[in-house]
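S.K.: Okay, here's the structure, questions in a sec.
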């Protein structure tokens, strides 16, 4: 009998997208699968839409709002799969995504091998998804994968991973304290607990770039504090694997990359990050505005330049999304490319 794959979908106010996401899970060519949707107290039509798909293969659960990590832990408690496929409620899987990844598991003697794949981002039209390869799109040791991620400031989307039950158990549950970067911290543990990452070309995930994402930090003190906590946890995991000069330098670079989230509004967290960098043998520099906003920084300070950049990026994103939504409505087809 083929292994069972559990496709786990945490959802919160995902009414516009949850139907397409569940369809992409149901359309997987891998025959043995279960789909579990955990609604985290949505206030829109998410639950009503999701329950239209209820069947022997699809289970829909509702709970009071507790956050994405709590919803994921609930789904994990309920599932029976030999392999775990995480899928956010607005993203899509190519029909053969799981099939392609499962094909390589039969050749691996280890249940701790972690399987990854390609991913691309889109707004409304999946056929316009942009797949941009990075140095993470290859077979790597756990340490090398994590170092490249921080050294090059790279990202691997949540749904790219196919994780065995054994590896999932070794890594532990999602950390409910982390309001942001909970996926980064969780998969840091997953990668670190694995015996290697195997990349499967051709298997694809379609990541929907949405406004007001839970990953957006903004000025939320709770999210800013959670970001630093997540960084400290991940630095501890990495140094437990190896405490070399390269590892410490990568840790300092990671802190420097995210320092602008604390600066200049949270000098207490700036100081904490600086002390951590000092303990690693490095030093953090105050963030600088990019050349486009440097004149604003000179005249009005970094905070004004930072606000201007955020406002510009939001306006630009809004225009692009409006255009893509209009083209989507004209074309009337949001299906995955064949």
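The values are calculated or read from the model by the stated rules, or taken from the named source; none is laboratory data. Remember, it's a predicted structure, so these values are computed and weren't measured experimentally. Every residue, glycine among them, receives a Cβ derived from its backbone with ideal geometry; neighbour counts consider all protein chains shown.
S.K.: Which one is surrounded by the fewest Cβ atoms within 10 Å (Cβ to Cβ), of the residues in region 114-141 that are in contact with a strand residue (DSSP E or B) (Cβ under 6 Å, 6 or more places away or on another chain) and more than 24 Å from residue 328 (Cβ to Cβ)?
M.R.: 139
S.K.: Could you check residue 20 against (1) part of a helix (DSSP H, G or I); (2) within 20 Å of residue 166 (Cα to Cα) and say which number it fails?
M.R.: (2)
S.K.: Can you pull out every residue in region 272-293 that is part of a helix (DSSP H, G or I) and at pLDDT 95 or above?
M.R.: 272, 273, 274, 275, 276, 277, 278, 279
S.K.: Kindly check whether there is at least one residue in region 239-260 that is under 27 Å from the mean Cα position of the chain (by Cα) and over 30 Å from residue 172 (Cβ atoms).
M.R.: Checked region 239-260: at least one residue is under 27 Å from the mean Cα position of the chain (by Cα) and over 30 Å from residue 172 (Cβ atoms).
S.K.: In addition: It is to be established whether one or more residues within region 196-215 are modelled with pLDDT of 95 or more, in a loop (DSSP other than H, G, I, E, B) and either assigned by TED's automatic domain parsing to the domain that holds residue 113 or closer than 27 Å to residue 262 by Cα (or both).
M.R.: Within region 196-215, one or more residues are modelled with pLDDT of 95 or more, in a loop (DSSP other than H, G, I, E, B) and either assigned by TED's automatic domain parsing to the domain that holds residue 113 or closer than 27 Å to residue 262 by Cα (or both).
Residue by residue, here is whether (1) under 30 Å from residue 109 (Cα atoms); (2) part of a loop (DSSP other than H, G, I, E, B) holds:
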site	(1), (2)
176	no, yes
189	yes, no
219	no, yes
251	no, no
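S.K.: Are any residues in region 137-163 in contact with a helix residue (DSSP H, G or I) (Cβ under 9 Å, 6 or more places away or on another chain), without any contact (Cβ under 8 Å) to a residue 60 or more places away in the chain and assigned to a loop (DSSP other than H, G, I, E, B), and if so, which ones?
M.R.: Matches in region 137-163: 154, 155, 156.
S.K.: Further question on the same structure: Please indicate, with yes or no, whether at least one residue in region 171-191 is free of Cβ contacts under 8 Å to residues at least 12 places away in the same chain, under 12 Å from the mean Cα position of the chain (by Cα) and within 28 Å of residue 13 (Cα to Cα).
M.R.: no
A quick yes/no check of all residues on (1) out of contact with any strand residue (DSSP E or B) (no Cβ under 8 Å at 6 or more places or on another chain); (2) at pLDDT below 95; (3) surrounded by 21 or more Cβ atoms within 10 Å (Cβ to Cβ):
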| position | (1), (2), (3) |
| --- | --- |
| 5 | no, no, yes |
| 23 | yes, no, no |
| 41 | no, no, no |
| 47 | no, no, no |
| 57 | no, no, no |
| 63 | no, no, no |
| 72 | no, no, yes |
| 80 | no, no, no |
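S.K.: Oh, and also: Can you say whether residue 252 is surrounded by 15 or more Cβ atoms within 10 Å (Cβ to Cβ) and either modelled with pLDDT of 95 or more or in contact with a strand residue (DSSP E or B) (Cβ under 8 Å, 6 or more places away or on another chain) (or both), as far as the supplied structure shows?
M.R.: yes
S.K.: Would you confirm whether or not region 112-121 contains a residue that is at pLDDT 95 or above, closer than 17 Å to residue 25 by Cβ and part of a loop (DSSP other than H, G, I, E, B)?
M.R.: Looking for residues that are at pLDDT 95 or above, closer than 17 Å to residue 25 by Cβ and part of a loop (DSSP other than H, G, I, E, B), one finds none in region 112-121, hence no.
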